[in-house]
Amino acid sequence: MFRIRLLAAALAMAGVAWTAEQQPAAPPGPSAFQLALVTEQGQKTVLGTLPPSLFAPRISPDGKQVAFELAEETTPGQPPGMRLYVAPLGALDKRRALQYTLTSTRNIAPMWSPEGDFIVFLAQGNGSDMLFRQRADGYIQPSFVVDGRAPEGWYKGGKLVFITRKGDHDYGISMLDLGSKKLTRLVDIEGSDQHSSRLSPDGKWIAYSSNETGRQEVWVEPLPQTGKRIQLTKEGGRHPMWSPDGTKIYFDQGGRMYRLDLTTTADSVQAGAPSPLPITGFQQGDLRRQFDLMPDGKAFLMLFPVQP
């Protein structure tokens, strides 16, 4: 089960937060994060330095803005709240908070609409988990979308993919048609977690992480579902992301980025052995990615811890 750490642990691990629970003191964490663009060849361009309580950077569809969440103390002695921010990619010091007012103290997991005019996010509070839709300029009150966990993708045609809860411990993946309100369960394997999903650029496949083998591995399934599932990694893998042309899947494992070169037919996806990339030292997450892929696929947007 994924757990919330208090701010000290959150700064040290930048992990996923789901349920408030006191934890032992964590080792000192980073003093800040560098937000950087990193090419597949490992060339890094630092965009700026941000507070160490930053999580889940997400690039806008036009590649010009980044949305992220920050842990902020709201009440002395209480667990930190989380607030969403948007900033120009080339001017991070000009970040602005989204102007929403919710009863939740945790507003996390931002995800852009395909046009870049809205952001959907998870609001947690009073034991509930709800997804809200908010204008990216922040000047209109957010509207409720659906009960659910973290949003994972908002696709053309009004398709919203998000994490759903399966009982007390397990997570699955669902898709909501924002127009018809039809809800479809995409991936649901009893007794295990599925998350970190991404639809292929042509919308015919879904890639995701699953721990059903005892550790996180990368899988793909056709859409609509046929019952056929294909395991692409054998030695661990999580947070898969398709290249814009659908010929590659990138994922992280053990603190390093990897690439899978794909051969795709109408009913099958095949991959060779994962190719390790010279990209290490970035901030890692658990349930949620702590990096993103630029819309043109030429670089990753990543956080790098700055040690005290």
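The values are calculated or read from the model by the stated rules, or taken from the named source; none is laboratory data. Because the structure is a prediction, the values reported are computed rather than measured. Note that each Cβ is placed from the backbone with ideal geometry, even for glycine, and that neighbours are counted across all protein chains shown.
Condition check for residue 194 on (1) within 28 Å of residue 302 (Cα to Cα); (2) touching a Lys or Arg at 6+ places or on another chain (Cβ under 8 Å): one failure, at (2).
If the condition is being surrounded by fewer than 22 Cβ atoms within 10 Å (Cβ to Cβ), touching a residue at least 60 places away in the same chain (Cβ under 8 Å) and hydroxyl-bearing (Ser, Thr, Tyr), then the stretch 151-186 contributes no residue at all. One residue stands out in the stretch 148-190 among those that are in contact with a strand residue (DSSP E or B) (Cβ under 7 Å, 6 or more places away or on another chain) and not in a strand (DSSP E or B): the one that is farthest from residue 86 (Cα to Cα), namely 189. Each residue in the stretch 48-59 was checked for being buried (at least 18 other Cβ atoms within 10 Å of the Cβ) and either under 21 Å from residue 123 (Cβ atoms) or in contact with a helix residue (DSSP H, G or I) (Cβ under 9 Å, 6 or more places away or on another chain) (or both), and 8 of them qualify. Among the residues of the stretch 205-234, none is identified as on the phi > 0 side of the Ramachandran plot and not in a loop (DSSP other than H, G, I, E, B).
Residue pairs whose Cβ atoms lie under 6 Å apart, sitting 6 or more positions apart in sequence or on different chains, and linking a residue in the stretch 268-284 that is farther than 13 Å from residue 253 by Cβ and in contact (Cβ under 8 Å) with a residue 40 or more places away in the chain to a partner that is crowded, with 21+ Cβ neighbours inside 10 Å and of a type in the set (Gly, Ala, Ser), are 283/14. If the condition is being in contact (Cβ under 8 Å) with a residue 40 or more places away in the chain and farther than 28 Å from residue 157 by Cα, then the stretch 200-245 contributes only 233. Looking at the structure I just gave you, is residue 279 buried (at least 20 other Cβ atoms within 10 Å of the Cβ) and farther than 23 Å from residue 150 by Cβ? Answer is yes for this residue. In the set (1) among the polar types (S, T, N, Q); (2) assigned to a strand (DSSP E or B); (3) modelled with pLDDT of 95 or more, the condition left unmet by residue 49 is number (3). Within the stretch 66-108, no residue satisfies the criterion of being surrounded by fewer than 20 Cβ atoms within 10 Å (Cβ to Cβ), polar (S, T, N, Q) and modelled with pLDDT of 85 or more.
Can you pull out every residue in the stretch 126-147 that is among the hydrophobic types (A, V, I, L, M, F, W, C), surrounded by 13 or more Cβ atoms within 10 Å (Cβ to Cβ) and not in a loop (DSSP other than H, G, I, E, B)? Within the stretch 126-147, 130, 131, 132, 145, 146 meet the criteria. Restricting attention to the stretch 270-284, the residues being assigned to a strand (DSSP E or B) and either at pLDDT below 95 or small (Gly, Ala, Ser) (or both) number 3. Residues of the stretch 285-308 being outside any strand (DSSP E or B) and either touching a Cys at 6+ places or on another chain (Cβ under 9 Å) or under 16 Å from residue 248 (Cα atoms) (or both), which ones? Of everything in the stretch 285-308, those that are outside any strand (DSSP E or B) and either touching a Cys at 6+ places or on another chain (Cβ under 9 Å) or under 16 Å from residue 248 (Cα atoms) (or both) turn out to be 294, 295, 296, 297, 298, 299. Among the residues of the stretch 128-160, those that are modelled with pLDDT of 90 or more, within 29 Å of residue 205 (Cβ to Cβ) and among the basic types (Lys, Arg) comprise 133, 156, 159. The C-beta contact set for the stretch 291-302 (first residue free of Cβ contacts under 8 Å to residues at least 40 places away in the same chain, second residue of a type in the set (Ser, Thr, Tyr), distance under 9 angstrom, 6+ apart or interchain) is empty. When the stretch 187-203 is filtered for residues that are at pLDDT 90 or above and surrounded by 16 or more Cβ atoms within 10 Å (Cβ to Cβ), the ones remaining, listed by number, are 196, 197, 198, 199, 200.
Take the conditions (1) modelled with pLDDT of 95 or more; (2) exposed (fewer than 13 other Cβ atoms within 10 Å of the Cβ); residue 111 misses just one of them, which is (2).
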